[in-house]
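**Student:** Just passing along the structure, written as structure tokens.
The values are calculated or read from the model by the stated rules, or taken from the named source; none is laboratory data. Quick caveat: nothing in here was measured; it's all calculated off a predicted structure. Please note: Cβ atoms are built from the backbone with ideal geometry, for glycine as well, and neighbour counts cover all protein chains shown.
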Amino acid sequence: MKRMTRVVITLIAPLLILSALALPARAAGPSLLFITAPSHRELNGTFLDDQLATDLSPVGSIGSLLYIKNSVGVQWSVDPALVEEVVDMSDGYKLADGTAGAGQDFAKNFLARLKTLATIGRVDAMVYGNPSEYWVRRLTPHERNYIFAASHNRLTSLLGLPVGATTSYLNVKYFPLSRQSVLDIRDDYNTIQSSAIYMAPADLDNFRLSLTRLFNPQMSSTTRSTLIGDLNGASLILSKNIRLAPGRFTITSSSQKLPITVINDFPGTAKINLIINSLNEKVLVDDIHDITVPGKSKVQVLVPVKVLTSGASALSIEVHNSRGDQLSDPQVYILSLAVISPIATWITTGAAIILFLAALLQSLRRIRRRRSE
């Protein structure tokens with residue numbers, strides 16, 4: 001029996017070896033390739049450098065991945081942020097130093113090849129910007145579900161073809177971020193959250209996704225600092241889209257309404273509240289709620305104030321959204337209070353009456369003297 005077994009093994013072994021050699025090369029090759037690179041572009045479309053042009057060439061680190069020889073059975077997981085930059089390159093682009101980029105043709109060829117792969121169902125969406133899950137969860141804690149859906153939708157829109165859905169993060173672990181970077185990103189995130197209800201959907205998507213790409217572990221610290229600074233500037237402008245016009249007032253009566261101008265640069269209607277504080281006890285004032293400001297317009301709000309005494313004062317007014325988030329920096333209005341207080345009015349009136357009575361009495365005495373003479 002043992003001898004028979006050895007004979008069978010001896011006969012079958014060569015067949016197994018030949019079968020293994022006859023298997024397609026994909027069995028030993030990769031089944032999933034990742035097409036991604038750290039961002040090279042500011043929010044206004046300006047490219048920091050032209051490294052991406054080199055990477056997209058057929059022999060570059062990115063372009064070559066689309067033309068591997070043994071591609072049977074390979075699936076490509078593609079970063080929508082990268083494709084977005086490639087689409088921007090494909091119709092010409094500028095570098096930060098003002099020169100024209102050299103990667104337009106490489107970009108066109110890359111997109112053509114990628115669309116061919118998508119047509120046969122071999123492209124999946126990667127998380128936008130290929131971020132570290134650690135930093136997404138820590139600094140933008142409410143964005144996870146949105147990022148997955150937006151990444152899939154963005155790549156589908158860019159290619160104009162259906163692609164596979166985003167299923168997981170490629171990077172999940174911590175990498176170091178400077179304390180200042182963390183603070184800046186948190187501030188930008190809070191600004192975006194506060195303004196979200198007033199923004200056009202496309203603009204909101206661009207801002208939210210621009211945060212995600214900053215968490216790419218492969219991005220250099222220099223590039224990350226530059227892109228954070230770029231987002232800081234855009235967020236500062238965003239925070240001032242709803243604001244108060246400056247001014248100063250002279251108040252001449254104990255009760256007066258101050259005309260405060262609210263400016264809304266967002267395209268849609270904004271409902272806001274004015275939170276008002278007097279900087280001393282010479283003026284009494286209350287908050288004003290439920291103010292409606294149409295998109296791209298200005299509205300004048302009359303703020304009632306009561307003045308208790310003359311002198312100098314000021315009002316600090318903040319604009320808040322309906323959730324109570326502050327939208328812009330407080331606006332301080334200097335007040336000159338040229339008002340006679342009620343007590344002073346009484347004293348002045350009383351003095352006038354006494355003077356009148358004294359004059360009347362003096363006149364009566366004169367009349368009596370003349371009659372007695």
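**Student:** Determine whether LEU139 is under 30 Å from ASP184 (Cα atoms) and out of contact with any Lys or Arg (no Cβ under 7 Å at 6 or more places or on another chain). First the steps, then the outcome.
**Tutor:** Details: under 30 Å from ASP184 (Cα atoms): yes; out of contact with any Lys or Arg (no Cβ under 7 Å at 6 or more places or on another chain): no.
Considered against the rule, which asks whether it is under 30 Å from ASP184 (Cα atoms) and out of contact with any Lys or Arg (no Cβ under 7 Å at 6 or more places or on another chain), LEU139 comes out as no.
**Student:** Just name the residue that is nearest to ILE197 (Cα to Cα) out of those in segment 309-331 that are of a type in the set (A, V, I, L, M, F, W, C) and in contact (Cβ under 8 Å) with a residue 40 or more places away in the chain.
**Tutor:** Narrowing segment 309-331 to residues of a type in the set (A, V, I, L, M, F, W, C): 312, 314-315, 317, 319, 327.
Remaining after also requiring in contact (Cβ under 8 Å) with a residue 40 or more places away in the chain: 315, 317, 319, 327.
Details: LEU315: 27, ILE317: 21, VAL319: 14, LEU327: 11 Å.
So, considering only residues that are of a type in the set (A, V, I, L, M, F, W, C) and in contact (Cβ under 8 Å) with a residue 40 or more places away in the chain, the one nearest to ILE197 (Cα to Cα) is LEU327.
**Student:** Which is in contact with a Phe, Trp or Tyr (Cβ under 7 Å, 6 or more places away or on another chain) and in the same structural domain as THR226 (by TED's automatic domain parsing), of LEU183, LEU161, LEU170?
**Tutor:** Working: LEU183 fails: in contact with a Phe, Trp or Tyr (Cβ under 7 Å, 6 or more places away or on another chain); LEU161 fails: in contact with a Phe, Trp or Tyr (Cβ under 7 Å, 6 or more places away or on another chain).
So the residue among LEU183, LEU161, LEU170 that is in contact with a Phe, Trp or Tyr (Cβ under 7 Å, 6 or more places away or on another chain) and in the same structural domain as THR226 (by TED's automatic domain parsing) is LEU170.
**Student:** For the list (1) at pLDDT 95 or above; (2) assigned to a loop (DSSP other than H, G, I, E, B); (3) loosely packed, with under 15 Cβ neighbours inside 10 Å; (4) not basic (Lys, Arg), I need the number of the one condition that PRO38 fails.
**Tutor:** (3)
**Student:** Now for a different question. For segment 263-281, which residues satisfy the criterion of being assigned to a strand (DSSP E or B) and more than 14 Å from SER316 (Cα to Cα)? Before the answer, list the steps.
**Tutor:** Keep residues of segment 263-281 that are assigned to a strand (DSSP E or B), which gives 263-264, 270-278.
Passing the criteria: ILE263, ASN264, ALA270, LYS271, ILE272.
**Student:** Further question: In this structure, does LEU284 turn out to be free of Cβ contacts under 8 Å to residues at least 40 places away in the same chain, part of a strand (DSSP E or B) and over 30 Å from ARG137 (Cα atoms)?
**Tutor:** On the way: free of Cβ contacts under 8 Å to residues at least 40 places away in the same chain: yes; part of a strand (DSSP E or B): yes; over 30 Å from ARG137 (Cα atoms): yes.
Yes, satisfied.
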